[in-house]
Amino acid sequence: MASIFQPDFAGGWNRTTGYPLAQASNYPLFGVGAYVDVKFTRWMQVEAEGRWLRFNQFNNIYQDNYLIGPRVPVFRIGKATAYAKALGGFSEMNFDSLPGDHGRFTDLAFGGGLDVKLTKRISLRAVDFEYQYWPLWGNSSLSPYGASMGIGYRVF
């Protein structure tokens with residue numbers, strides 16, 4: 001999948017505390033990712049995703065996400081299925097060009113999207129929106145958000 005995300009960090013630092021400042025960036029991050037959906041029953045599904053937001057960096061700022069959690073199909077219209085998801089895991093972030101300015105943070109993500117079945121094995125992830133919440137980021141929290149799209153291939 002291909003993604004575009006607002007990283008919620010523009011490279012600003014609080015001079016008093018020394019912590020980074022959460023703030024909207026004029027440089028959205030672009031990246032690639034992969035996802036796996038496992039369907040146990042109609043209502044019991046799990047999604048895992050990895051995303052590497054490495055393009056369009058400002059001051060060498062980038063984010064990588066590794067998340068897993070439940071995925072619920074909300075409704076189906078023809079070959080299209082709308083879904084909601086709640087994922088948890090961690091994200092890694094490089095803050096800027098200074099060596100050692102990076103970290104791993106708890107990441108909670110909420111979102112949804114639309115998958116369209118093209119053939120028996122191939123589907124189009126037409127859109128996938130995600131709002132992330134990093135509760136322990138420096139002395140505050142971070143809230144990146146973005147959208148993805150891609151192609152899925154059914155293995156089993």
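Using a Förster radius of 25 Å, what is the FRET efficiency between Asn14 and Asn56 based on their Cβ-Cβ separation? Nearest 0.05, please.
Values: r = 25 Å, r/R0 = 1.00.
So the FRET efficiency works out to roughly 0.50.
Sort 138-147, 119-128, 1-10 by the packing proxy (mean of other Cβ within 10 Å over each peptide's residues), most packed first.
Numbers: 138-147: 17.5, 119-128: 14.3, 1-10: 19.4.
Going by the mean number of other Cβ atoms within 10 Å, highest first, we get 1-10, 138-147, 119-128.
Can you pull the three principal axis extents for the Cα set of the chain, in Å, largest first?
Principal extents (largest minus smallest coordinate, Cα): 56, 26, 23 Å.
So for the chain, averaging the separation of alpha carbon pairs under 8 Å that are six or more residues apart and normalising by length, what relative contact order in percent results? Write out the running numbers ahead of the final one.
Numbers: 421 pairs, mean separation 31.0, N = 156.
It rounds to 20 percent for the chain.
Computed from the coordinates by the stated procedures, all read-outs in this text should not be read as laboratory data. Small disclaimer: the values here were computed from a predicted structure and weren't measured. With ideal geometry, Cβ positions are generated from the backbone for all residues, glycine too; neighbour counts draw on all protein chains shown.
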